[in-house]
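Since the structure comes first, as structure tokens, the remarks are kept for the end.
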There are 2 protein chains.
Amino acid sequence: MEAKPLQDLSKLCIHTITTRPWPLDDAIRHYAAAGVAGISVWRQVIEGLDPARAGRHIREAGMAVVSLVRGGFYPARQKTDRRKAIEENLRIINEAAALEAPHVVLVCGAVPGQPLEESRKQIREGIEATLAHAAEAGVKLAIEPLHPMYADSRSAVNTLAQATDMAEAIDSPLVGVAVDVYHLWWDPELEQQIRRCGRLGKILAFHICDWKTPTEDLLYDRGLMGEGCIPIRRIRGWVESAGFAGFNEVEIFSTSRWTGNQQQWLQEILRAYREAS
Amino acid sequence: MEAKPLQDLSKLCIHTITTRPWPLDDAIRHYAAAGVAGISVWRQVIEGLDPARAGRHIREAGMAVVSLVRGGFYPARQKTDRRKAIEENLRIINEAAALEAPHVVLVCGAVPGQPLEESRKQIREGIEATLAHAAEAGVKLAIEPLHPMYADSRSAVNTLAQATDMAEAIDSPLVGVAVDVYHLWWDPELEQQIRRCGRLGKILAFHICDWKTPTEDLLYDRGLMGEGCIPIRRIRGWVESAGFAGFNEVEIFSTSRWTGNQQQWLQEILRAYREAS
């Protein structure tokens, strides 16, 4: 069943990458003024900043820190590189704890030419190697399945079934899944896998944007909700029916949007959030 | 198990689109001189030509006509447009019969924003509406599952499981599946679905190329075998173990290759076919 239109902004979260030209201060000021309820912080936007202070700043502006984006990238051909990836993920968990972000979103990684099942094994090992630290820090880890067009170099986890399988196999209350409509909308099993993931209590996040026709770039041509073909409201209905009650997180990489006026862009996001999400 | 390296060119087929700048005559002359054993004919290359004559020309040059590419594109919002698509597919079947191509490859189609399951229903209806004609013409129809990045506008059939399901549901000896490594390599179920499809006797074609990192364009940046991350030989092993004994069809859309010297390009294809397929 399709979800009802969103009546207010109380569950609207925006990823800072969506307004990439804005430094964190600007994003906080403009989002808060617009009534946005939550922020997902991309690591690059807090580079050189004190994450604890950044987190306080966001909360003082009346917004929630929804997630830190992104950890992961565990697979590597050399063991030393896999070890480095794990150390980097421990630092990311520290940052999330300092921000008081409840979870880190994981873009799990892949190595071009390395068998995907080997990369998945390394991903699982990488996540498990950080679990004790995540528990201590009180930070969850959200495996984000990525669209199959990113299976070469960004993630060997490409369907919700695979992400849920992995979360289930790791079997820790700290490990769940991020459901992003851009990556998953095409999947004929999506409804049933959302139901299953919800039943397991593993849906930690819900990301929205749209798929444009034509899509001009594999990375930086995502659409605003309503600009494309994704049945966002229908998928939101499935996610909510599966028990998810968290934020609707707008996450849009778009070179053309980033070159325009960011305040106008923010206003368009608010409109599209009500009309097409 | 990985297949053995290819010892000769007796199963090498090239799609005319791979050397797009060449008119059919040039493709026939150069492919035959190089020892290529089969041609898959793209419709655009025979536009304005007599297909029966084109087919004879290919056979007289010592090559097999492996397939006609491509039919399909059944879904449309309006019934009149779906009717037109069926009529077009009837013409395509006639062309294939005149060429003496054993099958037509189907890029099934999708309508941006129309639910994928509705498009799949229209695809099935479209195929079924042409079956009697295909039987009379002695032409098979090969459903080609397309990569999920084409689910918006090119095909609502995006996994081998879906294509095999559809072929099984239509339940005609005329309808099978084309397995293309570019579209399917990422699928965690690929090995088992190839086995299943083979058991049903439904594998009609096997297409090869590679996935480059980075891929610069969603349509026209396919790689030559060995240039990317697809385990081609491993997948060929699965297909052969599943009973397929037909051609290995090279099908590469590449703007950068099309702008270069096509004779050199053909030589590179021959080398890559032996070394990396």
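The values are calculated or read from the model by the stated rules, or taken from the named source; none is laboratory data. Every value quoted in this text rests on a predicted model; they were computed, and no experiment measured them. A quick note on method: Cβ atoms are made from the backbone with ideal geometry, for glycine too, and the neighbour counts reach across all protein chains shown. Note: areas computed on protein heavy atoms with side chains; ligands, DNA, RNA excluded. Shrake-Rupley method; radii C 1.70, N 1.55, O 1.52, S 1.80 Å.
Need pairs with beta-carbon distance below 8 Å; first residue free of Cβ contacts under 8 Å to residues at least 40 places away in the same chain and closer than 27 Å to A:Arg234 by Cβ and within segment A:172-184, second open to solvent by 10 Å² or more (accessible area, probe 1.4 Å) and charged (D, E, K, R); sequence gap 6+ or separate chains.
Matching pairs, first to second residue: A:Val177/A:Lys202.
Could you check segment A:156-174 and list, in sequence order, the residues that are in a helix (DSSP H, G or I), within 14 Å of chain B (Cβ to nearest Cβ) and under 16 Å from the mean Cα position of the chain (by Cα)?
Of everything in segment A:156-174, those that are in a helix (DSSP H, G or I), within 14 Å of chain B (Cβ to nearest Cβ) and under 16 Å from the mean Cα position of the chain (by Cα) turn out to be A:Leu160, A:Ala163, A:Thr164.
Does segment B:117-148 hold any residues that are under 17 Å from B:Ala85 (Cβ atoms), within 14 Å of chain A (Cβ to nearest Cβ), assigned to a helix (DSSP H, G or I) and open to solvent by less than 50 Å² (accessible area, probe 1.4 Å), and which are they?
B:Ser119, B:Arg120, B:Ile123
Condition first: open to solvent by less than 10 Å² (accessible area, probe 1.4 Å) and in a helix (DSSP H, G or I). Now tell me which residues in segment A:263-277 satisfy that.
A:Trp265, A:Leu266, A:Ile269, A:Ala272, A:Tyr273
In segment A:157-179, what count of residues is obtained for those that are open to solvent by less than 10 Å² (accessible area, probe 1.4 Å) and farther than 15 Å from B:Pro148 by Cα?
The total comes to 8.
Given the residues B:Pro102, B:Pro112, which is the only one that is closer than 24 Å to B:Gln162 by Cα, in contact with an Asp or Glu (Cβ under 7 Å, 6 or more places away or on another chain) and open to solvent by 40 Å² or more (accessible area, probe 1.4 Å)?
Result of the check over B:Pro102, B:Pro112: B:Pro112.
Just name the residue that is farthest from the other protein chains (Cβ to nearest Cβ) out of those in segment B:207-238 that are touching a helix residue (DSSP H, G or I) at 6+ places or on another chain (Cβ under 6 Å) and part of a helix (DSSP H, G or I).
By that ranking, first place goes to B:Trp238.
Go through the residues of segment A:240-253 one by one and say whether even a single one is over 16 Å from A:Val177 (Cβ atoms), of a type outside the set (Ser, Thr, Tyr) and either open to solvent by 50 Å² or more (accessible area, probe 1.4 Å) or free of Cβ contacts under 8 Å to residues at least 60 places away in the same chain (or both).
Checked against the condition, which is being over 16 Å from A:Val177 (Cβ atoms), of a type outside the set (Ser, Thr, Tyr) and either open to solvent by 50 Å² or more (accessible area, probe 1.4 Å) or free of Cβ contacts under 8 Å to residues at least 60 places away in the same chain (or both), segment A:240-253 yields no hits at all.
If I ask for residues that are at positive phi and of a type in the set (Gly, Ala, Ser), which ones from segment A:74-109 would you list?
Selection gives A:Gly109 alone.
Residues to consider are B:Lys140, B:Lys79; find the one that is of a type in the set (Lys, Arg) and closer than 24 Å to B:Cys13 by Cα.
B:Lys140
Provide a single number: the residues in segment B:192-206 that are under 14 Å from B:Arg236 (Cα atoms), in a helix (DSSP H, G or I) and either aliphatic (A, V, I, L, M) or out of contact with any Ser or Thr (no Cβ under 9 Å at 6 or more places or on another chain) (or both).
Count: 2.
Kindly indicate whether any position in segment B:62-72 is open to solvent by less than 20 Å² (accessible area, probe 1.4 Å), of a type outside the set (S, T, N, Q) and either part of a helix (DSSP H, G or I) or within 14 Å of another protein chain (Cβ to nearest Cβ) (or both).
No - not one qualifying residue is present in segment B:62-72.
Restricting the first residue to segment A:44-59 and requiring it to be without any contact (Cβ under 8 Å) to a residue 40 or more places away in the chain, which pairs with a second residue that is among the charged types (D, E, K, R) and assigned to a helix (DSSP H, G or I) meet a Cβ separation below 9 Å and a spacing of at least six or different chains?
Sorted first by the residue in segment A:44-59, then by its partner, the pairs are A:His57/A:Asp25.
What number of residues in segment A:196-216 are touching a residue at least 24 places away in the same chain (Cβ under 8 Å) and either hydrophobic (A, V, I, L, M, F, W, C) or surrounded by 15 or more Cβ atoms within 10 Å (Cβ to Cβ) (or both)?
Within segment A:196-216, residues that are touching a residue at least 24 places away in the same chain (Cβ under 8 Å) and either hydrophobic (A, V, I, L, M, F, W, C) or surrounded by 15 or more Cβ atoms within 10 Å (Cβ to Cβ) (or both) number 14.
For the structure I just gave you, tell me whether A:Leu270 is within 14 Å of chain B (Cβ to nearest Cβ) and farther than 20 Å from B:Pro112 by Cβ.
no
Take the residues in segment A:101-116 that are aliphatic (A, V, I, L, M) and within 18 Å of A:Leu204 (Cα to Cα), then tell me which one is nearest to the other protein chains (Cβ to nearest Cβ).
Among them, the one singled out is A:Val107.
How many residues does segment B:73-99 hold that are in contact with a Lys or Arg (Cβ under 8 Å, 6 or more places away or on another chain), more than 14 Å from every other protein chain (Cβ to nearest Cβ) and open to solvent by less than 30 Å² (accessible area, probe 1.4 Å)?
Summing the residues that are in contact with a Lys or Arg (Cβ under 8 Å, 6 or more places away or on another chain), more than 14 Å from every other protein chain (Cβ to nearest Cβ) and open to solvent by less than 30 Å² (accessible area, probe 1.4 Å) in segment B:73-99 gives 3.
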